Each structure stands twice: as C-alpha cells, then as structure tokens.
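First up is the structure itself, then whatever we jot down about it.
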Amino acid sequence: MPVDNVLLILTDQHRYDIVGANGSPICRSPSLDAFAANGVNFSNAYSMCSLCSPARASIYTGLLPHTHGITRNVMARQRNPMFIPKSMPTLAERLNELDVRSHFVGKWHAGTRLPTQCGFTGMDVPDYGVIKDHPDYLEYLASRGLEKPEIEPVGSGWAHRLTLAGKLTGPLEASIPYYLAERAIEFLRERRKDQRFFLALNFWGPHAPYLPSEPYASMYDPKDIPPWPNFDDEFENKPPIYRRYRDAFIGAGNPKRSWEECARWAALYFGFATQLDAQIGRVLEAMEELGLQDNTATLFSCDHGDLTGAHGGMHDKGGMCVQELYHIPLMGRVPGGASGDVCDLYVNNMDLSQTVLDLAGYGTREELDGRSLAPLLRGERPDDWPDFTAGEFFGNHYAYEVRYVVHNGMKYVFHPGSTDELYDLETDPWELKNLIDDPGRADVLRACRKRLIDWSKASGDELCILCGLFQKRPEDGVAPYTPKAMDQLRESPTVLL
C-alpha cells in the first residue's frame, strides 16, 4: 500500500564508515543510529558517481548520468550539459501527477533548471549553492537577531590554497545546518494537512570545507583519530590517476601531508557530521511530534563519500573508485516495515527516485534506470535482486572516464587506457592490493567484467559498447589489459581475439 508522505534527507559527501551504526568507533551519530535501529540499514549501498551534480541529477530523475547528460559538476568552464532536460521528468514532476506536493530545502546542484523549475516548491539556490548570502538565509538570521557566522580556517590545499576546514563562529542556531532543519520543520508544521507531500531536505555538509560550529568543532581531538589503514598507500600496481591526483593536491615533488595535519581536518569532518546528525534528529523528532510517523516513509542517504586523508593523504574526491567515495550510508523506514534490519543486498543511491515513486503509489517505471527499494524496506528479499551494483565517472576539471562494478564482495574498476583494478573487499577493505594480475582471480574477474559489459550495453553506455576493450585470451586465461597481459601481447601480438 502507498504511504501518504515521503521524507528524503540527503547529506553531501558523507562517508559510510563515519556512521556509528556502520561501525564507526569514533565519530558519533546518535540520530542516524536510532533511525537505523527502527528501519533498514543498507550495508552495501553505493553511489552512482562520486560527483555532486551527476549523482544528484540521478537521484532526482532515476536515470544514469550518461542518460540524463549531467556527467560532470555543473559549473563555469565545464564541458557538460547544464541542466536536466525538460524531456526527462524529475521525481517531483512525476509526483505532481498524483497531487503530491514536492517541497525542496537546501542544496540542489543538479543543474541550472532549479527546483521550482523542476516541479518543487521551496528553495532555489543556484550553482553549487552559496547559501551564506542567500536572501532567505539572511532573512532567517535577521528575524532571530543572529549575526552571520564567520569562518576561522584551519589548513589549506591545492594550488590556489583552498580552505579545507575550519570553525564557524557564532551560535549553533546561526549555522546553515540548523537553518535548513528549521525550514524543513516549518514546512512540516505549516503544510496543508489534507495534501500529501514529498519533502526533500538536502544538507551541504559534511562536504569540505568542513565547517562545524561549536560545540561540534571541538568535539573530536585529532590525537584520538588514528591514521586510516590506507594512509601509507604507495599505489603499487595502481593506475597513475592516484599519484597524479595526490600530487595535484600537495604539489608535485612535495612530501605528502602528515597524518597529524590530516587528523586536524578529520576531526572537523567528524564534528561536522555529528552536527548534521543532530539536525537530522531535530527533523525526525518534529515528525514524531506531529504524528507523521505512521503515514510517512523516511529515507536517508548522500550523493557520495569523501577521501578525508585516505590513500596517501588525498582530499575531496576524484577519478579513483575507492570505497571512501563510493560506499555510502543509506537507510530507510516505512510504516509497518522492517525494523532493525541490516540488508546486505547491493543498492545504489540512484534507486532512491524509483523508491520514492513506488512508496507514493506512482508505481515502478521501466524507463528509469534505478530499482525500488520498497520491498527491501518491508523486509522482503526478492529472488531476482541483482548480485552487483555499478557506477561511472566522467572526470571533473580534467578528462577521465572510469567504470566500476561490485559483485560478491569483489570490486572491479575499468580504467580505459590504463591499469584496471580488482579488490577483495572482504579481506582487503582498504583496497591496498590490486589483484588484477592474480591468475587465481581470473574467474571472478571474468564474472565482474561480464556484469559490467551487460550493464553498460543495457544502459547504452557509449564507452563500453567498444567491447574490444574487454577481449580475452582463452588459451591461458590471462586477463587482458593488465601489465602482465600487455607484456605478453608485445611478445605475441596476435593472441588477443
């Protein structure tokens, strides 16, 4: 049965492993932990793309980036479509057909067609979203007698000395996360009671620069945060994108950042995440106070993760399909559904669109690329659920295409023109040992590649229509396009069929 209302909460650049319910030993998330304990927590949720605009456009259309066309972040000087085409209905536009009021709060960054041009009522913040000068935020501060917070920066990086982290001055009530939660709560209280709603609440954090307010800015001591197990990654047998990306951050020829420095940023990242958790808790408490728990489905996830000093001290996100960027938190709760379940089936944040439509009674749509999570939220386990998930990346500020697939605890990453990657996520969750040349993994590599090829063909992905990139050597089982295979190819150039 459809529910009356749906609440979707999205954070920005939120790692899976900084959620307590997902095993975080340091970063605290009491609101999300309680939410997971009363719903379904997806332990194998992945992002479609580790960039804001492609991922968010996929969440709000249910389509793959190469289908809706926003393959890179929407910003100046990017060669990229700038908006969701009008020919592709958004989630809100579809729900409007059911007389469901779709209301938007927070970060959009899914194109120059803003939320109110895509079927929503509510907030329009252009481009990436410079909310600090937005008229509604300034009006909020003025109406409460609050001063606009200032940034006390901590650390910088990249060639242009970009601020990486810092503390936000002023009271918590003046912070942007508090303001966004307040606007969401106001909508819940003031909405027309006889109309169904879909509320999309989108926080900017904990995306860098990590800017928590007190008491969260001082909540975590950097000395208490040990290095990530892959902090000393030397990129052995990995594609050059790793080293190039790290060198771009620290400056070619410079020593990598120390963990002591990275830990300062991580402490502020953790504090920012816990601050957001508290604001999510405020919204969920308001839902309960208003008696909406029994007729509202609630979903939580993010667009993608964050490096936070992983893999040699790297920052932000890039063309590496590492777990820190692609393995994401995703959880949900439906009235009368499963409670306290941990679902290990592979799901994707692109599935959120199909899920919201299904929960609202719109039904599932064959033209969408995602799959509804509604059966899983009810505690069902469909026999035909895919045994893999996949995603894509098209570059950002630089040209670089990559695809990945995760299947049966293994991750395969396809780098056209470079070294592919294969990791056993059960024995090597920090992705330190590339198994792409391991003859003992030939069968699982073949299985991953088959799923990636089939997925790419079915979705019309131009890159992987060139199936010659996946040719194989049947006589000896050597995986093609690995360093070992290419050495043999130079000795015997006719063996690839």
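Laid out as a table, the results:
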{"item": "Pick from the range 180-235, criterion polar (S, T, N, Q) and surrounded by 13 or more Cβ atoms within 10 Å (Cβ to Cβ), ranking: nearest to Leu162 (Cα to Cα)", "result": "Ser213"}
{"item": "Index of the failed condition, Lys148 passing every other in (1) of a type in the set (Lys, Arg); (2) within 21 Å of Leu292 (Cβ to Cβ); (3) touching a Leu at 6+ places or on another chain (Cβ under 7 Å)", "result": "(2)"}
{"item": "Helices (runs of 4 or more DSSP H) wholly inside the range 25-106 that include at least 3 residues being assigned by TED's automatic domain parsing to the domain that holds Val342 and hydrophobic (A, V, I, L, M, F, W, C)", "result": "30-37, 52-61, 91-96"}
{"item": "Filtered residues of the range 207-246 (kept if of a type in the set (A, V, I, L, M, F, W, C), under 30 Å from Ile131 (Cα atoms) and in a loop (DSSP other than H, G, I, E, B))", "result": "Ala208, Leu211, Met219"}
{"item": "Residue check for Gly20: on the phi > 0 side of the Ramachandran plot and among the small types (Gly, Ala, Ser)", "result": "no"}
{"item": "The one condition in (1) closer than 30 Å to Asn230 by Cβ; (2) in contact with a Leu (Cβ under 9 Å, 6 or more places away or on another chain); (3) part of a helix (DSSP H, G or I); (4) at pLDDT below 95 that Pro416 fails to fulfil", "result": "(3)"}
{"item": "Residues satisfying the stated conditions in the range 408-428, i.e. in contact (Cβ under 8 Å) with a residue 60 or more places away in the chain and either more than 19 Å from Asn348 (Cβ to Cβ) or buried (at least 17 other Cβ atoms within 10 Å of the Cβ) (or both)", "result": "Lys411, Val413, His415, Ser418, Thr419, Asp420, Glu421"}
{"item": "Filter result for Asn254 (in contact with a Leu (Cβ under 7 Å, 6 or more places away or on another chain) and assigned by TED's automatic domain parsing to the domain that holds Leu357)", "result": "no"}
{"item": "Top-ranked residue of the range 448-490 - restricted to ones that are surrounded by 17 or more Cβ atoms within 10 Å (Cβ to Cβ), assigned to a helix (DSSP H, G or I) and among the hydrophobic types (A, V, I, L, M, F, W, C), ranked as modelled with the highest pLDDT", "result": "Cys448"}
{"item": "Unique match (being farther than 20 Å from Leu95 by Cβ, surrounded by fewer than 22 Cβ atoms within 10 Å (Cβ to Cβ), touching a residue at least 60 places away in the same chain (Cβ under 8 Å) and touching a Pro at 6+ places or on another chain (Cβ under 8 Å)) among Phe394, Phe388", "result": "Phe394"}
{"item": "Close pairs from the range 16-33: first farther than 15 Å from Leu330 by Cβ, partner among the basic types (Lys, Arg) and part of a helix (DSSP H, G or I), Cβ under 9 Å, at least 6 apart", "result": "Ser31/Arg282"}
{"item": "Filter result (among the aliphatic types (A, V, I, L, M) and without any contact (Cβ under 8 Å) to a residue 24 or more places away in the chain) within the range 280-327", "result": "Leu307"}
{"item": "Hits in the range 352-369 - residues which are assigned to a loop (DSSP other than H, G, I, E, B) and among the hydroxyl-bearing types (Ser, Thr, Tyr)", "result": "Tyr362, Thr364"}
{"item": "Residue check, Leu32 surrounded by 17 or more Cβ atoms within 10 Å (Cβ to Cβ), at pLDDT 95 or above, over 28 Å from Ser339 (Cα atoms) and touching an Asp or Glu at 6+ places or on another chain (Cβ under 6 Å)", "result": "no"}
{"item": "Of all residues in the range 117-154 being over 17 Å from Ala208 (Cβ atoms) and of a type in the set (Ser, Thr, Tyr), the one that is farthest from the chain's Cα centre (by Cα)", "result": "Ser143"}
{"item": "Single condition Asp303 does not satisfy, out of (1) under 16 Å from Asp233 (Cβ atoms); (2) of a type outside the set (A, V, I, L, M, F, W, C); (3) touching a strand residue (DSSP E or B) at 6+ places or on another chain (Cβ under 7 Å)", "result": "(1)"}
{"item": "Condition met for Ala273 (touching a strand residue (DSSP E or B) at 6+ places or on another chain (Cβ under 8 Å), touching a residue at least 12 places away in the same chain (Cβ under 8 Å), more than 18 Å from Leu325 (Cβ to Cβ) and assigned to a helix (DSSP H, G or I))", "result": "no"}
{"item": "Residue match in the range 110-130 (condition: touching a residue at least 60 places away in the same chain (Cβ under 8 Å) and of a type in the set (Val, Ile, Thr))", "result": "no"}
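For (1) assigned to a strand (DSSP E or B); (2) touching a Cys at 6+ places or on another chain (Cβ under 6 Å); (3) modelled with pLDDT of 95 or more; (4) more than 23 Å from Ala55 (Cβ to Cβ), each residue gets a yes or a no:
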{"site": "Val342", "(1), (2), (3), (4)": "yes, no, yes, yes"}
{"site": "Arg371", "(1), (2), (3), (4)": "no, no, yes, no"}
{"site": "Glu380", "(1), (2), (3), (4)": "no, no, yes, yes"}
{"site": "Asp384", "(1), (2), (3), (4)": "no, no, yes, yes"}
{"site": "Tyr400", "(1), (2), (3), (4)": "no, no, no, no"}
{"site": "Val406", "(1), (2), (3), (4)": "yes, no, yes, no"}
{"site": "Tyr423", "(1), (2), (3), (4)": "yes, no, yes, no"}
{"site": "Asn434", "(1), (2), (3), (4)": "no, no, yes, yes"}
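Yes or no, residue by residue, for (1) farther than 19 Å from Leu51 by Cα; (2) touching a helix residue (DSSP H, G or I) at 6+ places or on another chain (Cβ under 6 Å); (3) assigned to a strand (DSSP E or B):
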| residue | (1), (2), (3) |
| --- | --- |
| Gly119 | yes, yes, no |
| Glu152 | yes, no, yes |
| Lys167 | yes, yes, yes |
| Phe198 | yes, yes, yes |
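The values are calculated or read from the model by the stated rules, or taken from the named source; none is laboratory data. Quick caveat, the model's predicted, so the values are computed rather than measured. Every residue, glycine as well, gets a Cβ built from its backbone with ideal geometry; the counts of neighbours run over all protein chains shown.
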